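Working notes for the structure below.
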Amino acid sequence: VKLEGEYKFNGPREEVWKLVRDPEVLASALPGTKSLEHVGENEYKGEMNVRIGPVSGLFSGRLVVSNEVPPESCTLTVEGKGSPGFANGTGNVILSDLGDGTTLMKYVGEMQIGGKLASVGQRLFDTASKSMIRQGLESFNSALQARMAAKSGEAAFDYKPASESKFIAAIAKDMAGEMLSSKRVIWIAIAIVVILVIIAAIWISTGAGG
Amino acid sequence: VTKYIGQRILRNEDPRLLTGQALFVDDVEIPGMLYAAFLRSDYAHARLKSIDTSAARQRPGVVAVYTAEDMGEDWKPGPPLVSPPPTVKDVEFYSRTQVPLVKDKVRHAGEPIAVVIAESRYIAEDAVDDIVVDLEPLEAVVDLEKALEPNSVLVHDDLKSNLAACMVQIKGDYSKVREEADLVIKRRLNIDRGAAAAMENRGIVAHWDAKSHFLTVWDTTQAPIPIRNGLALRLGLSEHQVRVIAPFVGGGFGPKMMMFYPEEMLIPWISIKLAKPIKWIEDRRENFYATTQEREQIHDAEMALTREGRILGVSDIFLHDTGAYDPYGLTIPLNTQCHAMGPYDIANFYSEIKVVFTNKIIATPIRGAGRPQGIYVVERLLDLAAKELGIDPIEIRKRNFIPPESFPYDHKIIDQAFSPLIFDSGNYRPALEKAATLIGYDQFVREEQPRLRAKGQHVGIGIVSFIETTGVGPYEGARVTVEANGKICVATGVGTQGQGHFTSFAQVVAEQLGVNVEDIILVTGDTAEFHWGTGTFASRGSVVAGNAIHASALAVRKKILKLASEILGAPEDELELEGGQVRVADIPHQSISLGELASRANPLRGAVEPGTEPGLEATAYFGPKYGATAFGTHAMILEVDPETMMVEIKRYVVVEDCGTILNPLILEGQIHGGVAMGIGNAYYEKLVYGENGQLLNASLADYLIPTATEVPRIIVGHEQTPSPLNPLGSKGAGEAGTIPVPALFAQALENALPDYDFEIIETPLSPNRLFELLYNKEKTK
């Protein structure tokens, strides 16, 4: 599976770099992360709850940062495995200073997946992983804002990493959005509401609640 | 005139099956039973570095955990099922058989690494997650052509390459006729993998009784007797210490003929180790990884023809994917080879098989077993030639059929059983003509299709002929016994997976003994009842077991007549058997019941005369010289929705000739089921492997099997050309429904979409794949 994309941060490159290299921020940016500990100079070990469609479970893995050129680029290598299977990947991250106080992050990576993750979750993996990355980066950006606000002494920027359930809900929404066109979503929503009303009506009229 | 054979008699077994009174393996419950769950590899190709089972062993409720290492001396690769053909020279064959648990290297995703035995399946599965296994991933061998490149990674490190076998069969001189031909059609045809997807997954219960030193195994196998013999041999037991029961099985379709699956050897072995009954039931996801698959082949095929559409010769060079191991030898590709000439009189044939090891699940026969691929090749080439030459698809087939006077027709190559490929009998043209009539071919092409096309509907018609080699040896046997209550007990070695054996075999006995079919009790698949035979495969039940049952029924009839003649004081030729009675033909009240005769034949006092046997019982065997070849024609009319590429089958016709029909109702059921499977093979079912050998659609949410909405009503027409090779004149029909469907779909789809310049030279298709094939194709009109 190929992962590729870019994201614009509202902050200078050095700050973004520091953030990326901060395991605590890293852990909070990806909800579901149970732990992330520094085990070597550029190596982290951690555990993360993953849910992709019908596949869910705890992954334990290792993250290695290499080819570091601060504050420009680095290579991330991830090895994760757990009862839902395995996911191994390598990605390159490049940060470029856009000159207007913002930073553009570009990433390109290859993931190899196996086990239940591949056999059952495969068709959802692409969307789910994109969604996870997008949300992770948004969390990063919020953290960045919070940090910069604290530094400049402005009113504290309220940074709260998304909870795991919110995170999962957002992924589900992304996946549904990708599978259905917006027009259809509306019709399905209307249909669901109608069905709920009917069920409620039957429920009340038969007194099943008692 | 037959009274029972050929009658539409309702199935004896159905009341039990439909009311939940039939025993399946998972119904077996034994006090103190333990449950197994397997740790399977997530990687398709990886080196096993280490494995730590300590946490699993400590989980409460876990009784034992076994790895390859724990098996010690008992760890051995499984025995090969069949050997390479001894009668052909220049055969290369490298036998590498499946292992009970991975020792050094994982060779396909899902290969078992360890097994946990626990007080419940729940605990066992949780404990599987406790096992820490260190696998070093290796590059996976997936693509058949790349697998044979000199620098490819090897599936088996001790071999020079990933070539598992190669073999050439030649008839006549293809290269010579190729030069003389007016037209040569040359194509590459791709056929991909599918699953059998039986309704019941596999399952095993093994019970070693330490006090009686006796092992009982309930197994969803198609071959209980070879399983018993193999288990005894491997476990160091006498064959009489092992009883294998294949009870009712919810669909076999071939993969349950695989001997031995790792689980099939392990569960009995563990039962003996622990002196406990053990149950393992495969779950649906395991079924995708642990049960064998089939069909992947790449064909580079040619057909040389005259201007008149006469086939001069066929050349077919193909790669066959055997997966990680090749326990089933050359059976599938040999079947492909033997069907690549179809029902046609082809004098020149060159065929080269290359069998390839890959990091995919093992390939063994699935209903059709290589035959659909061969038929696909020859029928597609013929269709393309017909188009090129401007000849009607029906006409070009008629011009090439083996004429009825040419039977037995010797192809001068060998078949899957290493016997000569001889078509025993056949009359192909009437089957084709009947199918064309039943589908209304002329009328559709002349009137209906133009009318519907004018309305903008994309309707197409297809008609395809096929043969099916069936009923191969070596032999089967049966024992027929008349019981004191007048009922007849028939025991045979073949297992039953829904074929209607309890009825069609009973009809064969009823014909000889004149009893009602309901009064005949059939026992199949229990080695304690009958322990000679091989199994249910290759559409051989009605031919090989059927004729063995016929022979034993005849022998019992002889005993009945002899004894009744003495008792009734009338000559044997004046006696008749009817309604469970033997009576003197002209004096109906002078009679004796079969039950009374059976009692008299097994007296409690007095003496059984020397030279005679007690009881009314006989055992007989049947082994054919070579297989009987069934044949037929399928035709269909379908409509394609050009927006969704969904296909609706408007009409489906099968004309089947499998020799003497034992029970048309059961035969039609077999055909309906076969066609349903064929529709899956043609348009829905494809196992998708990623480039690292991961199976990407291992669930019934993603791997689509046809449901009632995709399977049309099927009109079945019968022809009967009895086989001269057996007394009943029967041929097999179990696989016939499946074989020609992909070729038929291809022809009908091309016919439905005449505005597109496209060819179908691959299977399985899907709505998505058809869209891809048509996308970017300029409409030619």
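With the structure loaded, tell me whether B:VAL155 is modelled with pLDDT of 95 or more and either of a type outside the set (Asp, Glu) or in a loop (DSSP other than H, G, I, E, B) (or both) or whether it fails that test. Even if it seems obvious, please write down each step before you answer.
Numbers: modelled with pLDDT of 95 or more: yes; either of a type outside the set (Asp, Glu) or in a loop (DSSP other than H, G, I, E, B) (or both): yes.
Spelling it out, B:VAL155 is indeed modelled with pLDDT of 95 or more and either of a type outside the set (Asp, Glu) or in a loop (DSSP other than H, G, I, E, B) (or both).
Can you tell me which condition B:GLU518 does not meet? The list is (1) open to solvent by 10 Å² or more (accessible area, probe 1.4 Å); (2) of a type in the set (Asp, Glu); (3) touching an Asp or Glu at 6+ places or on another chain (Cβ under 8 Å), and all the others hold.
It fails just one condition, (3).
Can you name every residue in segment B:685-710 that is more than 14 Å from chain A (Cβ to nearest Cβ) and open to solvent by less than 40 Å² (accessible area, probe 1.4 Å)?
Matches in segment B:685-710: B:GLU685, B:PRO706.
Which ones in segment B:763-778 are touching a strand residue (DSSP E or B) at 6+ places or on another chain (Cβ under 6 Å) and either surrounded by fewer than 19 Cβ atoms within 10 Å (Cβ to Cβ) or part of a helix (DSSP H, G or I) (or both)? Can you show your working first?
The initial filter retains those residues of segment B:763-778 that are touching a strand residue (DSSP E or B) at 6+ places or on another chain (Cβ under 6 Å), namely B:763, B:774, B:777.
Correct list: B:LEU774, B:LYS777.
If I filter segment B:587-626 down to residues being among the hydroxyl-bearing types (Ser, Thr, Tyr), in a strand (DSSP E or B) and within 25 Å of B:ALA478 (Cα to Cα), which single residue comes out as most open to solvent (accessible area, probe 1.4 Å)?
Checked segment B:587-626; the qualifying residue most open to solvent (accessible area, probe 1.4 Å) is B:TYR621.
In segment B:8-42, which residues are among the hydrophobic types (A, V, I, L, M, F, W, C), surrounded by 18 or more Cβ atoms within 10 Å (Cβ to Cβ), more than 19 Å from B:THR524 (Cα to Cα) and away from chain A (no Cβ under 14 Å)?
B:ILE9, B:LEU34, B:ALA36
Is one or more of the residues making up segment B:677-696 in a loop (DSSP other than H, G, I, E, B) and in contact with a helix residue (DSSP H, G or I) (Cβ under 6 Å, 6 or more places away or on another chain)? If you could, list the steps in order and put the result at the bottom.
Step one: list which residues in segment B:677-696 are in a loop (DSSP other than H, G, I, E, B), which gives B:684-688, B:690-694, B:696.
Among the residues that remain, those that are also in contact with a helix residue (DSSP H, G or I) (Cβ under 6 Å, 6 or more places away or on another chain) are: B:694, B:696.
Scanning segment B:677-696 turns up at least one residue that is in a loop (DSSP other than H, G, I, E, B) and in contact with a helix residue (DSSP H, G or I) (Cβ under 6 Å, 6 or more places away or on another chain).
Got a sec? Which of B:PRO79, B:PRO60 is under 26 Å from B:VAL116 (Cα atoms), out of contact with any strand residue (DSSP E or B) (no Cβ under 8 Å at 6 or more places or on another chain), open to solvent by less than 80 Å² (accessible area, probe 1.4 Å) and not in a strand (DSSP E or B)?
When all the criteria are applied, what remains is B:PRO79.
Quick one: count up the residues across segment A:123-133 that are open to solvent by less than 70 Å² (accessible area, probe 1.4 Å) and within 14 Å of chain B (Cβ to nearest Cβ).
Qualifying residue count for the region: 3.
With the requirement that a residue be part of a loop (DSSP other than H, G, I, E, B) and either in contact (Cβ under 8 Å) with a residue 24 or more places away in the chain or touching a Lys or Arg at 6+ places or on another chain (Cβ under 6 Å) (or both), what does segment B:365-395 give you?
B:PRO365, B:ILE366, B:ARG367, B:GLY368, B:ALA369, B:GLY370, B:ILE391
Do we have any residue at all in segment B:100-112 that's touching a Phe, Trp or Tyr at 6+ places or on another chain (Cβ under 8 Å), within 14 Å of chain A (Cβ to nearest Cβ), among the basic types (Lys, Arg) and in contact (Cβ under 8 Å) with a residue 24 or more places away in the chain?
No, the conditions are met nowhere in segment B:100-112.
Within segment B:617-661, work out how many residues are more than 23 Å from the chain's Cα centre (by Cα) and either of a type in the set (Phe, Trp, Tyr) or over 18 Å from B:GLY460 (Cβ atoms) (or both).
Taking segment B:617-661 as the starting set, the residues that turn out to be more than 23 Å from the chain's Cα centre (by Cα) are B:617-620, B:636-651.
Next, only the ones that are either of a type in the set (Phe, Trp, Tyr) or over 18 Å from B:GLY460 (Cβ atoms) (or both) stay: B:617-620.
Selection size over segment B:617-661: 4.
Please go through (1) under 30 Å from B:PRO137 (Cβ atoms); (2) part of a helix (DSSP H, G or I); (3) touching a residue at least 60 places away in the same chain (Cβ under 8 Å); (4) more than 14 Å from chain A (Cβ to nearest Cβ) for B:LEU48 and return the number of the only condition it doesn't satisfy.
That leaves (2) as the condition not met.
Pick from segment B:640-667 the residues that are closer than 30 Å to B:GLY456 by Cβ and among the hydroxyl-bearing types (Ser, Thr, Tyr): which of them is least open to solvent (accessible area, probe 1.4 Å)?
B:TYR652
Is there any pair linking a residue in segment B:146-173 that is in contact (Cβ under 8 Å) with a residue 60 or more places away in the chain to one that is part of a strand (DSSP E or B) and open to solvent by 80 Å² or more (accessible area, probe 1.4 Å), with Cβ under 7 Å and at least six apart or on different chains, and which?
Taking only residues 6 or more apart or on different chains, the pairs are B:LYS171/B:LYS412.
Check segment B:751-765 and report whether any residue there is away from chain A (no Cβ under 14 Å) and of a type in the set (Gly, Ala, Ser).
Yes, the conditions are met somewhere in segment B:751-765.
When you go through B:LYS412, B:LYS398 one by one, which is the residue that is free of Cβ contacts under 8 Å to residues at least 40 places away in the same chain and basic (Lys, Arg)?
Result: B:LYS398 is the single residue among B:LYS412, B:LYS398 that is free of Cβ contacts under 8 Å to residues at least 40 places away in the same chain and basic (Lys, Arg).
So which pairs qualify, if the first residue must be in segment A:105-120 and facing another protein chain (nearest Cβ under 7 Å) and over 16 Å from A:PRO54 (Cβ atoms), the second must be assigned to a loop (DSSP other than H, G, I, E, B) and hydroxyl-bearing (Ser, Thr, Tyr), the Cβ gap must be under 7 Å, and the two must be at least 6 apart or on different chains?
A:GLY114/B:TYR43
Just checking, which of A:GLU47, A:GLU68, A:GLU24 is in a helix (DSSP H, G or I), open to solvent by 40 Å² or more (accessible area, probe 1.4 Å) and either away from chain B (no Cβ under 12 Å) or without any contact (Cβ under 8 Å) to a residue 40 or more places away in the chain (or both)?
On the way: A:GLU47 fails: in a helix (DSSP H, G or I); A:GLU68 fails: in a helix (DSSP H, G or I).
Just a single option satisfies the conditions, and that option is A:GLU24.
What residue, among those in segment B:137-196 that are of a type in the set (Lys, Arg) and closer than 24 Å to B:HIS339 by Cα, is farthest from the other protein chains (Cβ to nearest Cβ)?
Among those residues, the one meeting the criterion is B:LYS176.
So which residues in segment B:278-289 are in a helix (DSSP H, G or I) and either away from chain A (no Cβ under 14 Å) or not aromatic (Phe, Trp, Tyr) (or both)?
B:ARG284, B:ARG285, B:GLU286, B:ASN287
Among A:SER56, A:SER35, which is the only one that is open to solvent by 30 Å² or more (accessible area, probe 1.4 Å), more than 27 Å from B:ARG285 (Cβ to Cβ), modelled with pLDDT under 85 and of a type outside the set (A, V, I, L, M)?
Going through A:SER56, A:SER35 in turn, the sole match is A:SER35.
For segment A:1-21, which residues satisfy the criterion of being farther than 27 Å from A:LEU117 by Cα, in a strand (DSSP E or B) and open to solvent by 50 Å² or more (accessible area, probe 1.4 Å)?
A:LYS8
Please give the number of the condition A:ASN141 fails out of (1) modelled with pLDDT of 85 or more; (2) part of a helix (DSSP H, G or I); (3) under 21 Å from A:GLY82 (Cβ atoms).
Unmet for A:ASN141, out of (1) modelled with pLDDT of 85 or more; (2) part of a helix (DSSP H, G or I); (3) under 21 Å from A:GLY82 (Cβ atoms): (3).
One residue is enough: does segment A:85-102 have a residue meeting the conditions within 14 Å of chain B (Cβ to nearest Cβ), open to solvent by 20 Å² or more (accessible area, probe 1.4 Å) and under 29 Å from A:GLU14 (Cβ atoms)?
There is at least one residue in segment A:85-102 that is within 14 Å of chain B (Cβ to nearest Cβ), open to solvent by 20 Å² or more (accessible area, probe 1.4 Å) and under 29 Å from A:GLU14 (Cβ atoms).
Among the numbered conditions (1) away from chain B (no Cβ under 14 Å); (2) at pLDDT 80 or above; (3) under 18 Å from the mean Cα position of the chain (by Cα), tell me where A:ALA169 comes up short.
If we test A:ALA169 against (1) away from chain B (no Cβ under 14 Å); (2) at pLDDT 80 or above; (3) under 18 Å from the mean Cα position of the chain (by Cα), just (2) comes out false.
Could you grab me the full set of residues in segment B:97-145 that are open to solvent by 60 Å² or more (accessible area, probe 1.4 Å), under 24 Å from B:LYS76 (Cα atoms) and assigned to a loop (DSSP other than H, G, I, E, B)?
Listed by number, the residues that qualify are B:LYS103, B:ASP104.
The values are calculated or read from the model by the stated rules, or taken from the named source; none is laboratory data. In this text, all values refer to a predicted model and were calculated from it rather than measured experimentally. Counting neighbours? That spans all protein chains shown, and the Cβs are built from the backbone with ideal geometry, glycine included. We work out accessible area using only protein heavy atoms, side chains counted, and drop any ligands, DNA or RNA first. Shrake-Rupley method; radii C 1.70, N 1.55, O 1.52, S 1.80 Å.
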